[in-house]
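The structure appears below as structure tokens.
The values are calculated or read from the model by the stated rules, or taken from the named source; none is laboratory data. Quick caveat: nothing in here was measured; it's all calculated off a predicted structure. For neighbour counting, all protein chains shown are included, and Cβ atoms are generated from backbone atoms with ideal geometry for every residue, glycine included. All accessible areas refer to the heavy atoms of the entire protein, side chains included, with ligands and DNA or RNA removed. Shrake-Rupley method; radii C 1.70, N 1.55, O 1.52, S 1.80 Å.
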Amino acid sequence: MERGNGLREKLALLIELQKMELAAAKIGARKKDLPVRMNELDEGFKALCRTVDEEKEKLEGLRKQRREKDAQLQSGQDSLKKTRERLFDVKTNKEYQSMLKEIETFEAKNSQIEDEVISLLEELDRFESAVKASEKELAAHRSRYEDEKAKLTEELNSLSGELEACLRKGGEVRKSIPPEILRKYDQIKNAGRGVAVVSVWKEICDGCHMAIPPQLYNELQKSKTLLTCPNCSRIIYWENRNG
């Protein structure tokens, strides 16, 4: 174990190194999460765009149906008009009755088309209102989407600089720590314990939250030897929390 002068300085360097590495890990995790969040944001916006496009297509389909029905109705009315005009040219009662039946058929067909046109107009009115509401919602969503996307992009760019700074500073701190202490630190960290250096106060280890022996606690307060927790094997240091 490390003995002699300067132990406090070495512990301070270990704590600073751990701080830098934890910060780098947190930034790295956020950097991985941000593209996922941005992708979710893109997909959500695209889905809303597709929904509005589908509504517009349906609206255009209804408008096309109306144009077709208007054309059918106009054709039916023209045929009815011509048939009525031909009434004046009939010469026999049989022809007259036949013409009346034909007129009745045209009138019934035209009446049905008129009902269909009215129904289409009502549906068009409802759908046009719905599409307008959807377009308004899309415009608001687009504004929020673009703002959020810009913020995430800015954060991602910022994190790259922060991560580089943490790694650079961590690398510099590593150079100042004796190799044997650094090996011990890395060994504990790589064992999957989360953190390698933890404080102890009132005989309780902050790493495993278990009590350490009183004699060890007394030695720890003297800061003469690099010590580890007998329960979790982390490097420990005494932290005076009395102010």
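For the stretch 143-175, give me each residue that is surrounded by fewer than 13 Cβ atoms within 10 Å (Cβ to Cβ) and closer than 30 Å to Pro230 by Cα.
Going residue by residue through the stretch 143-175, those that are surrounded by fewer than 13 Cβ atoms within 10 Å (Cβ to Cβ) are 143-144, 146-147, 150-151, 153-154, 157-158, 160-161, 164, 168, 171-172, 175.
Hits for the stretch 143-175 are Gly171, Lys175.
On the phi < 0 side of the Ramachandran plot and surrounded by 11 or more Cβ atoms within 10 Å (Cβ to Cβ), is that true of Asp186?
Values: on the phi < 0 side of the Ramachandran plot: yes; surrounded by 11 or more Cβ atoms within 10 Å (Cβ to Cβ): yes.
Yes.
State whether one or more residues within the stretch 36-52 are touching a residue at least 40 places away in the same chain (Cβ under 8 Å), touching a Lys or Arg at 6+ places or on another chain (Cβ under 8 Å), within 30 Å of Pro179 (Cβ to Cβ) and surrounded by 11 or more Cβ atoms within 10 Å (Cβ to Cβ).
Among the residues of the stretch 36-52, not one is touching a residue at least 40 places away in the same chain (Cβ under 8 Å), touching a Lys or Arg at 6+ places or on another chain (Cβ under 8 Å), within 30 Å of Pro179 (Cβ to Cβ) and surrounded by 11 or more Cβ atoms within 10 Å (Cβ to Cβ), which makes the answer no.
For residues that are assigned to a loop (DSSP other than H, G, I, E, B), β-branched (Val, Ile, Thr) and under 24 Å from Glu21 (Cα atoms), tally how many sit in the stretch 184-227.
First, pick out the residues of the stretch 184-227 that are assigned to a loop (DSSP other than H, G, I, E, B): 191-196, 202-203, 206-210, 212-213, 223-224, 226.
Then drop every residue that is not β-branched (Val, Ile, Thr), which leaves 195, 212.
Subsequent filtering for residues that are under 24 Å from Glu21 (Cα atoms) retains 195.
Of the residues in the stretch 184-227, 1 are assigned to a loop (DSSP other than H, G, I, E, B), β-branched (Val, Ile, Thr) and under 24 Å from Glu21 (Cα atoms).
Which members of the stretch 1-35 meet the condition of being among the charged types (D, E, K, R) and exposed (fewer than 15 other Cβ atoms within 10 Å of the Cβ)?
Restricting attention to the stretch 1-35, the residues satisfying the condition of being among the charged types (D, E, K, R) are 2-3, 8-10, 16, 19, 21, 26, 30-33.
Within the stretch 1-35, Arg3, Arg8, Glu9, Lys26, Lys32, Asp33 qualify.
This table checks each residue for (1) surrounded by fewer than 15 Cβ atoms within 10 Å (Cβ to Cβ); (2) in contact (Cβ under 8 Å) with a residue 40 or more places away in the chain.
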| position | (1), (2) |
| --- | --- |
| Lys94 | yes, no |
| Gln97 | yes, no |
| Phe106 | no, no |
| Ser119 | yes, no |
| Glu135 | yes, yes |
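Of the residues Ala140, Ala130, only one is free of Cβ contacts under 8 Å to residues at least 40 places away in the same chain, assigned to a helix (DSSP H, G or I) and open to solvent by less than 60 Å² (accessible area, probe 1.4 Å); which?
On the way: Ala130 fails: free of Cβ contacts under 8 Å to residues at least 40 places away in the same chain.
Result of the check over Ala140, Ala130: Ala140.
Do we find that Lys222 is under 18 Å from Lys10 (Cα atoms), touching a residue at least 40 places away in the same chain (Cβ under 8 Å) and not β-branched (Val, Ile, Thr) in this structure? Even if it seems obvious, please write down each step before you answer.
Numbers: under 18 Å from Lys10 (Cα atoms): yes; touching a residue at least 40 places away in the same chain (Cβ under 8 Å): no; not β-branched (Val, Ile, Thr): yes.
So Lys222 fails the test.
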